[in-house]
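I have placed the structure first, in the form of structure tokens, so that the comments after it can refer back to it.
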Amino acid sequence: MERPGGWSRRAGLAALLTVVPPPATVVGMSRADLDKRPRDVAAMFDQIAERYDLVNDVLSVGQDRLWRRFVAATVAAKAGERVLDLAAGTGTSSRTFTAAGAYCIACDFSFGMLQVGARKAANGGQPERPGAGPVRFVAGDALRLPFADASFDAVTRPGGRLVICEFGHLQPPALDAFYGRYLATALPAVAKRLSPASEAYAYLAESIKDWPRQAELARRMGDAGWTAIRWRNLTLGVVAVHVARRAE
Ligand SMILES: C[S@@+](CC[C@H](N)C(=O)[O-])C[C@H]1O[C@@H](n2cnc3c(N)ncnc32)[C@H](O)[C@@H]1O
């Protein structure tokens with residue numbers, strides 16, 4: 001695992017941002033539980049790191065693999081480009097960006113997640129394909145990025161692209177309400193059987209509910225100065241992929 005150093009600017013840099021949503025209120029959890037300090041959130045992810053990828057596959061019924069494939073195709077990182085995968089967890093997403101020879105930094109503030117990812121990579125659990133670029137694991141908080149400004153061109157260089165893959169809200173509202181009940185009840189219950197720290201999944205469910213709707217997120221991205229904003233819903237909007245470009 002690496003501590004960040006200064007990187008030089010480079011043309012063609014791609015940035016991927018997976019944003020972790022802020023919290024709200026659910027069954028069995030109070031707002032106070034969810035207004036965790038970054039250290040506490042990281043500790044929660046440390047606890048579920050070991051079985052994180054397995055639980056992901058089970059809870060999403062394998063859809064997570066399709067979502068990752070779609071995000072990788074959207075990022076379309078070319079050889080020599082540098083991709084920043086923020087909130088990268090165990091780096092499963094990061095590896096999908098390097099197939100054509102791009103270089104990916106998997107950044108996360110959970111040491112546990114990074115350690116599992118680094119260990120799997122070292123043990124050949126996530127082999128790099130021939131010609132694939134490297135993935136490097138770096139500890140860092142997305143809200144206080146440990147990279148110099150404009151180093152990826154952080155985040156990202158003028159003309160660089162931003163791809164946000166996050167849980168979304170379903171249409172119509174009745175379907176979203178049903179999904180909300182799944183998140184609040186079934187998801188933590190299944191996670192409890194598979195993972196030692198099901199609290200993290202209750203937190204995840206709550207944070208998904210609190211995350212802005214797709215149009216609202218696009219509006220906020222525009223307010224933050226991103227251009228050419230568009231999004232695509234996957235699996236009826238369970239996941240939404242927003243794409244934008246930083247003005248030249
Ligand atoms: C649901 S996991 C997603 C992991 C990965 N992107 C994937 O596709 O499997 C969320 C990750 O975000 C990380 N995270 C949450 N808030 C963060 C922050 N402020 N800075 C860095 N990482 C953060 C957590 O530690 C966790 O590993």
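Quick look at the values:
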| item | result |
| --- | --- |
| Phi-based couplings in Hz for segment 79-84 (Karplus 6.51, -1.76, 1.60; Gly and Pro marked x) | 3, x, 6, 10, 10, 9 |
| Distance histogram for segment 148-240 (every C-alpha pair counted, 5 angstrom bins, percent rounded to whole numbers) | 3, 12, 18, 18, 15, 13, 10, 8, 3, 0 |
| Separation of the Ala99 and Arg119 label points, Cα + 7 Å toward Cβ, nm | 2.8 nm |
| Thr227, Thr90, Thr96, Thr185 arranged by Cβ crowding within 10 Å, fewest neighbours leading | Thr227, Thr185, Thr96, Thr90 |
| Extension gain, Ala76 back to Asp57 (0.36 nm per residue minus Cα-Cα distance, nm) | 4.5 nm |
| Under 5 Å, built H, 5+ apart or other chain: amide partners of Gly101 | Gly133 |
| Virtual spin-label span in nm between Asp40 and Thr185, 7 Å along Cα→Cβ | 2.7 nm |
| Karplus (6.51, -1.76, 1.60) ³J(HN,Hα), θ = phi - 60°, over segment 170-183, in Hz, Gly and Pro reported as x | 8, 10, x, x, 5, 5, 5, 5, 4, 4, x, 5, 4, 4 |
| Phi-based couplings in Hz for segment 65-74 (Karplus 6.51, -1.76, 1.60; Gly and Pro marked x) | 5, 5, 4, 5, 4, 5, 5, 4, 5, 6 |
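Rule-based calculations on the coordinates, nothing more; no lab input. Quick caveat: nothing in here was measured; it's all calculated off a predicted structure. Positions of Cβ are backbone-derived with ideal geometry, glycine not excepted, and every protein chain shown enters the neighbour counts.
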